[in-house]
Amino acid sequence: MSQSFKFGLLVFPRITQLDMTGPLQVFSSLPGAEVHLIWKRIEPVPSDTVLAIMPTTTVVDCPQLDVICVPGGYGTDDLLSDDEILGFLRRQAEKARFVTSVCTGSIVLAAAGLLKDYRAATHWSAVDALPMLGATISRERVCIDRNRITGGGVTAGIDLGLTVVSELVDRRAAEAIQLRLEYNPAPPFNAGSPETAPPEVVDLLLNRMKVPRQHRLALVGEAAARLR
């Protein structure tokens, strides 16, 4: 008889939906999985695209989860000082089997004090934020440090989901889901990281991100002060 697991993914305004929908599809493909989308209220949550996401439960009503996952996006900036959300994550982390994130979701975990003295991954544009909050940067696609599993930027969410399933159940269960999703990536360009993208493309993105990155670092500094 297969064991049932409870998964929860935090949703919030200005979430990068693919950070969430990648692992959501993986977790939902595990037979017997109970999956929750969590926010403060049951109402449509705007993402960073035209897609709105409907939560299935609130932080008050959410059951104890086996796996809690925090996706990323510019909306994480507002969570860094959100005591209700940070407190919810701390409570869930006490008994969760795995505490996980995708992209800049790891910064929220760190702001809750949940990555202190852990290695963690995040989006390449945010690697300077995690050490300010007590974490050690990993440039792995998916980083496992004890029961913390953190993924890199956006598309790493599928890898994160498959890794979590392999750790929670076994490799065969993860491979079966990978095959079901036909997750066999062959990107048309080798521009998926700053190490491989053309320098002019890296410069283009860094210029676009300059102001939001400065804003985020200021908020991370405030979060770090609160942790101290």
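Computed from the coordinates by the stated procedures, all read-outs in this text should not be read as laboratory data. As the structure is a prediction and not an experimental result, all values here were calculated from the model. Positions of Cβ are backbone-derived with ideal geometry, glycine not excepted, and every protein chain shown enters the neighbour counts.
Tabulated results
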quantity: Fewest-first sequence of Met209, Met20 by Cβ atoms within 10 Å of each Cβ; calculated: Met209, Met20
quantity: Rg/Rh (Cα only; Kirkwood hydrodynamic radius) as it applies to the chain; calculated: 0.95
quantity: Net charge contributed by nearby residues that have their C-beta within less than 13 Å of Val154 (K/R +1, D/E -1); calculated: -2
quantity: For the chain, built as a Gaussian network whose Cα springs stay under 10 Å, the top-fluctuating residue of Pro23, Pro194, Pro46; calculated: Pro194
quantity: Gaussian network model of the chain, springs between alpha carbon atoms under 10 Å - residue of Thr104, Thr122, Thr196 with greatest fluctuation; calculated: Thr196
quantity: DSSP beta bridges in segment 6-227 [antiparallel fraction, %, rounded to 5]; calculated: 20
quantity: Peptides ranked, highest mean first, by Cβ atoms within 10 Å: ranges 106-112, 70-76, 163-169; calculated: 106-112, 70-76, 163-169
quantity: Residue-count net charge about Val11 - beta-carbon cut-off 15 Å; Lys, Arg +1, Asp, Glu -1; calculated: -4
